[in-house]
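The values are calculated or read from the model by the stated rules, or taken from the named source; none is laboratory data. Predicted model, so just to flag it, every value in this text is computed and none were measured. With ideal geometry, Cβ positions are generated from the backbone for all residues, glycine too; neighbour counts draw on all protein chains shown. Calculation scope for accessible area: heavy atoms of the full protein, side chains included, ligands and nucleic acids excluded. Shrake-Rupley method; radii C 1.70, N 1.55, O 1.52, S 1.80 Å.
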Amino acid sequence: MPSVVLSNLCWHTPDNTPLFRNLDLTFGLLRTGLVGRNGAGKTTLLRLIAQEVAPRSGRIHTRGRIGYLRQNPESQPQTTLADLFGIKAQLAILDRAAQGLASADDLAMADWTLEARLATALAEMGLSHLPPDTPLTTLSGGQRTRAGLAALMSTKPDIALLDEPTNHLDQTGRELVVEAVRKWQCCLIVASHDRALLAAMDAIVELSPLGAKTYGGNYDAYRAMRDNDLISARKDLVQAQRNLSQTKVRATQAAERKARTDSQGRKLRASGSQPKILMDAAKERSQKSGGAQAAFRDRMLKDAQSKLEAAQNAVEILQPLSMDIPRCRLVKGRDVVRVENLCFAYPPDAPILQNISFSIRGPERVALEGANGAGKSTLLACIGGQLRPDSGQVELHVPAARLDQDMSLFSPDETISDAFARLDPTTTENDRRAVLARFLFRGDEAQQTIAKLSGGQRLRAGLACTLGHSQPKQLLILDEPNNHLDIDALEVLETALNAYDGALLVVSHDAAFLKRIGIERRVCL
């Protein structure tokens, strides 16, 4: 029976920040979704299981052969689909056999069912049109992900690790992945923010600063149980606050009683009515008793304070986040952007966009749709001014902000606070701190360097630096925001965008996300 068992696992980041402390987890023959806020360590945990990194301490015991699909698989310029599947040499043998050039050794080694199995694996991921010699660099990000998943499935691992397998996928690709996952019979661990994919899980493991907690059932069951956890944590917080208050009252009353007793003793000593030796003995007993009582009261206060802090921490971790987007006051009917007969090709003989025309007026909410490779990100870059179209026009009439998937507005070595100051030099330090706090970067968190942030943290930083700008943006261009945000942050963004009074131009393959932010119109490529 394939399994993964983690015992007392500890791991620190390169700057020695603890990420996992004494983590105990067991994964069996189930489909398990791995969730948690950005930076909780989901990718790191998969890398630990895959033995790409070593734990600081503790043990990882795996039973079975492991297959690992990384979130952003790298590909060399010469890598082909055949290389990805590890079948290039076998295909060469079959090719020689088809030409009548195969040796006796070739014929003995030939796998005559290979081509049929390859065709089936590619077809299941909607890639049957691609020949085995297709270079991976010619595929879109979504196609590479689907090809990687097809290659992994073809090896039939006992333990499969998938890191955000639906990132960059269009709706068709997402549905193919969900269907493949439903059929997969192995120990499957999927780190994902995709609610549709998590609905196909048998169990959910949540990573948080409190550790790891396993919930039986799919994502909907997990959310219901987590809501109950929050209700319980709030009750614990109220009880801890009450306990601390009562402990302080008892400590004050005890201190007052001690003070009265000491005062009476001093008056009795001053009266001379008792022998000095008796008074000295009584004073010594009182001091010892008072010291012991004071130490006991201090321990009780520290214990009550510690329990209160733990309860506050639990509520803060379970409590839904909040994100405030300032008003931009875009009026209805105002021209926002106009695209007319836009064309773009790369290279020049490979047209991507041809004669694209549409416009946005007032606070409209528009989704840009199309299959992987249709040119959605390219069009957004043309509108945002990062790319120049070959022909046609783009007229932008309002202040706009484009947040691409790579957050290219940032430099990797700058801090969040420094990036904000660079992008909005007229704002004050206090204003920057207030804005960053609204987007969940409080205190020292704003001093993190961009390179050390997770994808979701970078997106939040991008939202803070653009929507919190001293000159509010009236058009927000979002390119696949749900590829990087954790579920909590995504739901917060949905709420914030619902309250945003500017125009939205969004690329997303998440139908639930588009519905929740009130998309009114779709432009299809």
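List every residue pair whose Cβ atoms sit under 6 Å apart, with the two residues 6 or more apart in sequence or on different chains, where the first one lies in segment 461-482 and is over 23 Å from ARG433 (Cβ atoms) and modelled with pLDDT of 85 or more and the second, anywhere, is open to solvent by 10 Å² or more (accessible area, probe 1.4 Å) and part of a helix (DSSP H, G or I).
Partner pairs satisfying both residue conditions: ILE477/GLY384; ASP479/SER377.
Restricting to segment 1-22, count the residues that are under 28 Å from ARG182 (Cα atoms) and crowded, with 20+ Cβ neighbours inside 10 Å.
2
Residue-wise test of (1) open to solvent by less than 40 Å² (accessible area, probe 1.4 Å); (2) touching an Asp or Glu at 6+ places or on another chain (Cβ under 9 Å); (3) over 30 Å from GLY36 (Cα atoms); (4) modelled with pLDDT of 70 or more.
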{"site": "ALA254", "(1), (2), (3), (4)": "yes, no, yes, yes"}
{"site": "ARG257", "(1), (2), (3), (4)": "no, no, yes, yes"}
{"site": "THR261", "(1), (2), (3), (4)": "no, no, yes, yes"}
{"site": "LYS267", "(1), (2), (3), (4)": "no, no, yes, yes"}
{"site": "PRO275", "(1), (2), (3), (4)": "no, no, yes, yes"}
{"site": "SER289", "(1), (2), (3), (4)": "no, no, yes, no"}
{"site": "ASP303", "(1), (2), (3), (4)": "no, no, no, yes"}
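I'd like to check which strands (runs of 3 or more DSSP E) are fully inside segment 1-57 and have at least 3 residues that are hydrophobic (A, V, I, L, M, F, W, C) and touching a strand residue (DSSP E or B) at 6+ places or on another chain (Cβ under 6 Å).
3-12, 18-27
Does ILE383 meet the test of being farther than 27 Å from VAL331 by Cα and crowded, with 21+ Cβ neighbours inside 10 Å?
So ILE383 fails the test.
Looking only at segment 38-61, decide whether some residue is on the phi > 0 side of the Ramachandran plot, more than 21 Å from the chain's Cα centre (by Cα) and either open to solvent by 30 Å² or more (accessible area, probe 1.4 Å) or polar (S, T, N, Q) (or both).
The answer is yes, given that some residue of segment 38-61 is on the phi > 0 side of the Ramachandran plot, more than 21 Å from the chain's Cα centre (by Cα) and either open to solvent by 30 Å² or more (accessible area, probe 1.4 Å) or polar (S, T, N, Q) (or both).
Which residues, counting only those in segment 437-454, are crowded, with 21+ Cβ neighbours inside 10 Å and part of a helix (DSSP H, G or I)?
Across segment 437-454, the qualifying residue is only ALA446.
Examine segment 101-113 for a residue that is in a helix (DSSP H, G or I), open to solvent by less than 40 Å² (accessible area, probe 1.4 Å) and not hydrophobic (A, V, I, L, M, F, W, C), and state whether such a residue exists.
Checked against the condition, which is being in a helix (DSSP H, G or I), open to solvent by less than 40 Å² (accessible area, probe 1.4 Å) and not hydrophobic (A, V, I, L, M, F, W, C), segment 101-113 yields at least one hit.
Within segment 114-133, how many residues are open to solvent by 80 Å² or more (accessible area, probe 1.4 Å) and within 25 Å of GLN78 (Cβ to Cβ)?
Of the residues in segment 114-133, 5 are open to solvent by 80 Å² or more (accessible area, probe 1.4 Å) and within 25 Å of GLN78 (Cβ to Cβ).
Could you check segment 152-240 for strands (runs of 3 or more DSSP E) lying wholly inside it with 2 or more residues that are among the small types (Gly, Ala, Ser), in contact (Cβ under 8 Å) with a residue 24 or more places away in the chain and closer than 29 Å to LEU84 by Cα?
So the answer is none; nothing clears 2.
Just wondering, is there one or more residues in segment 322-338 that are open to solvent by 60 Å² or more (accessible area, probe 1.4 Å), of a type in the set (A, V, I, L, M) and not in a strand (DSSP E or B)?
Looking for residues that are open to solvent by 60 Å² or more (accessible area, probe 1.4 Å), of a type in the set (A, V, I, L, M) and not in a strand (DSSP E or B), one finds at least one in segment 322-338, hence yes.
Go through segment 195-205 residue by residue and tally those that are open to solvent by less than 20 Å² (accessible area, probe 1.4 Å), in contact with a helix residue (DSSP H, G or I) (Cβ under 7 Å, 6 or more places away or on another chain) and not β-branched (Val, Ile, Thr).
Of the residues in segment 195-205, 4 are open to solvent by less than 20 Å² (accessible area, probe 1.4 Å), in contact with a helix residue (DSSP H, G or I) (Cβ under 7 Å, 6 or more places away or on another chain) and not β-branched (Val, Ile, Thr).
Which pairs turn up if I take residues in segment 404-416 that are touching a residue at least 12 places away in the same chain (Cβ under 8 Å) and within 18 Å of LEU475 (Cα to Cα) and look for partners that are in a loop (DSSP other than H, G, I, E, B) and open to solvent by less than 40 Å² (accessible area, probe 1.4 Å) with beta carbon separation below 6 Å, at least 6 apart in sequence or on another chain?
Partner pairs satisfying both residue conditions: GLN405/GLU480.
So which of ASP406, ASP488, ASP418 is of a type in the set (D, E, K, R) and either surrounded by fewer than 16 Cβ atoms within 10 Å (Cβ to Cβ) or assigned to a loop (DSSP other than H, G, I, E, B) (or both)?
Exactly one residue qualifies, and that residue is ASP406.
When ALA434 is evaluated against the numbered criteria (1) farther than 25 Å from GLY36 by Cβ; (2) touching a residue at least 40 places away in the same chain (Cβ under 8 Å); (3) of a type outside the set (Val, Ile, Thr), which criterion, by number, is the only one it fails?
(2)
Please enumerate the residues belonging to segment 307-355 that are of a type in the set (Gly, Ala, Ser) and modelled with pLDDT of 75 or more.
GLY333, ALA345, ALA350
For segment 153-180, what are the residues that are in contact with a strand residue (DSSP E or B) (Cβ under 7 Å, 6 or more places away or on another chain) and crowded, with 22+ Cβ neighbours inside 10 Å?
Within segment 153-180, ILE159, ALA160, LEU161, LEU162, ASP163, GLU164, PRO165 qualify.
Hey, GLN78 hits all of (1) outside any loop (DSSP other than H, G, I, E, B); (2) touching a residue at least 12 places away in the same chain (Cβ under 8 Å) but one; which does it fall short on?
Evaluating GLN78 over (1) outside any loop (DSSP other than H, G, I, E, B); (2) touching a residue at least 12 places away in the same chain (Cβ under 8 Å) leaves (1) as the failure.
Quick check: anything in segment 353-365 under 30 Å from ARG144 (Cβ atoms), open to solvent by 30 Å² or more (accessible area, probe 1.4 Å) and free of Cβ contacts under 8 Å to residues at least 12 places away in the same chain?
Among the residues of segment 353-365, at least one is under 30 Å from ARG144 (Cβ atoms), open to solvent by 30 Å² or more (accessible area, probe 1.4 Å) and free of Cβ contacts under 8 Å to residues at least 12 places away in the same chain, which makes the answer yes.
To keep it simple, each residue is scored yes or no on (1) at pLDDT below 90; (2) of a type in the set (Phe, Trp, Tyr); (3) over 22 Å from GLU164 (Cβ atoms).
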| site | (1), (2), (3) |
| --- | --- |
| ARG442 | yes, no, yes |
| LEU493 | yes, no, no |
| ASN498 | yes, no, yes |
| LEU505 | no, no, yes |
| GLY518 | no, no, yes |
